[in-house]
């Protein structure tokens with residue numbers, strides 16, 4: 001009998017591609033959604049995180065859970081209300097899953113939870129960071145630490161739990177890349193701020209394949225830096241996009257203060273950076289990347 005993978009946040013760019021790849025591998029996919037949807041070959045169950053409600057059938061039919069749900073970090077200025085939404089959408093949803101798993105008879109073998117390299121802080125310069133590096137103290141780091149603490153509640157139930165500390169996911173289906181590509185296409189591409197901030201990236205397909213391997217390989221436990229082996233600077237990434245698109249790079253860097261005026265505190269998402277290494281992936285797992293070279297990753301996505 002085919003195993004069933006329950007995905008939260010399954011209608012986002014990662015969830016959609018992950019659903020496709022899981023189905024290709026022969027898995028059944030079910031989703032938890034706030035609103036009933038009809039998706040071909042996918043069973044959709046309802047939940048309401050704010051009300052603390054979840055369809056118990058979602059849990060009883062699942063062999064594995066992949067938890068991607070969470071408000072987009074860069075979807076709007078960080079007002080106090082927006083910050084609460086960013087935090088609560090991650091922690092409350094995870095706590096609701098933990099409660100459902102505790103109270104419902106189930107046969108869930110693994111829980112693979114999204115996390116983020118923001119754990120280390122939004123701007124850590126060129127200091128190499130591995131999974132054992134200490135966490136930061138800014139807003140992003142506080143969110144990720146609370147998120148991972150909530151995921152620890154599931155590990156405490158005896159379910160093998162993996163946390164994917166994800167970098168910048170390269171896909172044209174949302175996220176950072178389309179925002180970086182658009183001005184380059186228009187001939188107005190330029191590095192942001194100093195351009196020297198590191199961007200630890202991963203191709204969408206590699207991230208999804210990582211999730212799939214973590215489902216069934218029981219050696220995967222705890223936190224992993226879900227990034228490609230070669231972080232690049234913002235300037236290098238912008239130039240690589242221009243090169244793949246055969247566009248010139250004529251403009252001076254966009255000043256950090258201009259980004260700050262536009263986005264407020266949220267500007268740190270693009271003016272800051274992290275040099276994150278995938279130490280546990282390379283040293284402790286058998287995972288093989290399709291895309292370790294930035295130019296090849298961009299050619300796959302842009303051409």
Odd one out for residue 170, checked against (1) closer than 28 Å to residue 287 by Cβ; (2) over 17 Å from the mean Cα position of the chain (by Cα): (2)
For the range 223-303, list the helices (runs of 4 or more DSSP H) that sit wholly inside it and hold at least 2 residues that are touching a strand residue (DSSP E or B) at 6+ places or on another chain (Cβ under 7 Å); which are they? 234-245, 268-271, 279-284, 294-302
Please go through the range 174-188 and give me each residue that is within 22 Å of the chain's Cα centre (by Cα) and either under 15 Å from residue 251 (Cα atoms) or assigned to a loop (DSSP other than H, G, I, E, B) (or both), ordered by number. 174, 175, 180, 181, 182
Which residue pairs have Cβ atoms under 8 Å apart, sit 6 or more places apart or on different chains, and have a first residue in the range 9-26 that is at negative phi and without any contact (Cβ under 8 Å) to a residue 60 or more places away in the chain and a second that is surrounded by 16 or more Cβ atoms within 10 Å (Cβ to Cβ) and in a helix (DSSP H, G or I)? 10/16; 10/18; 10/19
If residue 135 meets every condition in (1) in contact (Cβ under 8 Å) with a residue 24 or more places away in the chain; (2) touching a helix residue (DSSP H, G or I) at 6+ places or on another chain (Cβ under 7 Å); (3) surrounded by fewer than 18 Cβ atoms within 10 Å (Cβ to Cβ); (4) farther than 23 Å from residue 208 by Cβ apart from one, which number is that one? (1)
Have a look at 222, 174, 193, 187 and point out the one that is modelled with pLDDT under 95, surrounded by fewer than 16 Cβ atoms within 10 Å (Cβ to Cβ) and closer than 22 Å to residue 117 by Cβ. 174
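Which ones in the range 57-73 are farther than 11 Å from residue 6 by Cα and out of contact with any helix residue (DSSP H, G or I) (no Cβ under 7 Å at 6 or more places or on another chain)?
Just the residues of the range 57-73 that are farther than 11 Å from residue 6 by Cα, to begin with: 69-73.
72, the sole residue that qualifies.
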When you check residue 162 against the structure, is it touching a strand residue (DSSP E or B) at 6+ places or on another chain (Cβ under 7 Å), within 30 Å of residue 62 (Cβ to Cβ) and at pLDDT 95 or above, yes or no? yes
Members of the range 54-81 that are assigned to a helix (DSSP H, G or I) and surrounded by 15 or more Cβ atoms within 10 Å (Cβ to Cβ): 58, 59
Hey, residue 34 hits all of (1) closer than 27 Å to residue 220 by Cα; (2) touching a residue at least 12 places away in the same chain (Cβ under 8 Å) but one; which does it fall short on? (1)
Can you list residue pairs whose Cβ atoms sit under 6 Å apart, with the first residue in the range 216-230 being at negative phi and in contact (Cβ under 8 Å) with a residue 40 or more places away in the chain and the second being surrounded by 15 or more Cβ atoms within 10 Å (Cβ to Cβ) and assigned to a helix (DSSP H, G or I)? Count only pairs 6 or more apart in sequence or on different chains. 220/214; 224/280; 224/281; 226/207; 226/210
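The values are calculated or read from the model by the stated rules, or taken from the named source; none is laboratory data. Note that the structure is predicted; figures quoted are calculated from it, not measured. We place every Cβ from the backbone using ideal geometry, glycine too, and count neighbours over all the protein chains shown.
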